[in-house]
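Structure first, commentary second.
The values are calculated or read from the model by the stated rules, or taken from the named source; none is laboratory data. Quick caveat, the model's predicted, so the values are computed rather than measured. Positions of Cβ are backbone-derived with ideal geometry, glycine not excepted, and every protein chain shown enters the neighbour counts.
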Amino acid sequence: MNTGLKPVWAGRNMRLDPFRLPQVVSYATRDDYGDVTFTIDQRGAVIRRTLEMSGVPAIIALPANAFRGVAARAMEDPDGNVTVTLELLHNDPMLSVPLLVADDLDDVAADWRAWADAYRLPMLLIEADGVARTLEESLGAAIKALPPQDRRKGRVSTMRRPRFLARRRAGDLGLRLVIGGQEIISRE
C-alpha cells in the first residue's frame, strides 16, 4: 500500500477546505532552509520559500494550470496505519502544494473531487512506483463509462419540437391581415 516516498509535510494531519479560499498554510521543512508558506486561492497558489542553492528567499506564483493534477498518495506505516495525502502535483516536487493529510479515509474522496473540480484539474493517483497516473490509467476498465444509450425508438427528427407544439402544424395561415386607419386623438 506504500505509494511513493512520504513528503516532508505529511508528518501530521492537516486539511484545507476547497470551499473556503483563500487559505494560508505553513510547514517546517526538515532541512536548513526554514519554513515554506503556501497561499491558495481560486486562481492558483503562491509559494514563499528559501531557495536551496543560494539561500535567497523567493516568492513563486503558480496558476492552477501549472499543476499536473490533484494527486492522492496512500502510505502505510509499520503498525499498519494508512495515511492519505492530497496535493496539487507539480513537475518539480519542491513546488507541489499540500492540501490534505488524513488518517481517516471517510472524507478523502469528497475532498479529492472538490479540489479537482475547483481547479479543473485531473484526479491523479500516485502509485507504488512513484508515478502519478490518472484514475482511468491506474484503475483500468473498472471505471470506464458505458457508451450512451440510444434514444427511445420511434420518430427520429433532427428538428424536434416541444411536446405541446407537436400537436400543432407549423406553417403559414395563408391569410395576411393588414390594419389601417387614422389617428382619432388630436395632439394640437
Exercise for the section: Report yes if some residue within region 108-128 is over 18 Å from the mean Cα position of the chain (by Cα), modelled with pLDDT of 70 or more and loosely packed, with under 12 Cβ neighbours inside 10 Å; otherwise report no. Expected result: yes
Practice task
For region 18-33, enumerate the residues that are surrounded by 13 or more Cβ atoms within 10 Å (Cβ to Cβ) and either under 30 Å from Pro78 (Cα atoms) or at pLDDT below 80 (or both).
Solution key: Leu21, Gln23, Val25, Tyr27, Thr29, Tyr33
Exercise for the section: Inspect region 159-181 for any residue being at pLDDT 65 or above, assigned to a loop (DSSP other than H, G, I, E, B) and within 30 Å of Arg48 (Cα to Cα) and give the result as yes or no. Expected result: no
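Does any residue of region 116-134 turn out to be in contact with an Asp or Glu (Cβ under 8 Å, 6 or more places away or on another chain) and not hydroxyl-bearing (Ser, Thr, Tyr)?
As a first pass, look at region 116-134 and keep what is in contact with an Asp or Glu (Cβ under 8 Å, 6 or more places away or on another chain): 133.
Going one step further and asking which of them are not hydroxyl-bearing (Ser, Thr, Tyr), we end up with 133.
Within region 116-134 (the criterion being in contact with an Asp or Glu (Cβ under 8 Å, 6 or more places away or on another chain) and not hydroxyl-bearing (Ser, Thr, Tyr)), the answer is yes, since at least one residue qualifies.
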Problem - Residue count for region 50-83, restricted to those that are crowded, with 16+ Cβ neighbours inside 10 Å and in contact with an Asp or Glu (Cβ under 8 Å, 6 or more places away or on another chain) - result: 4
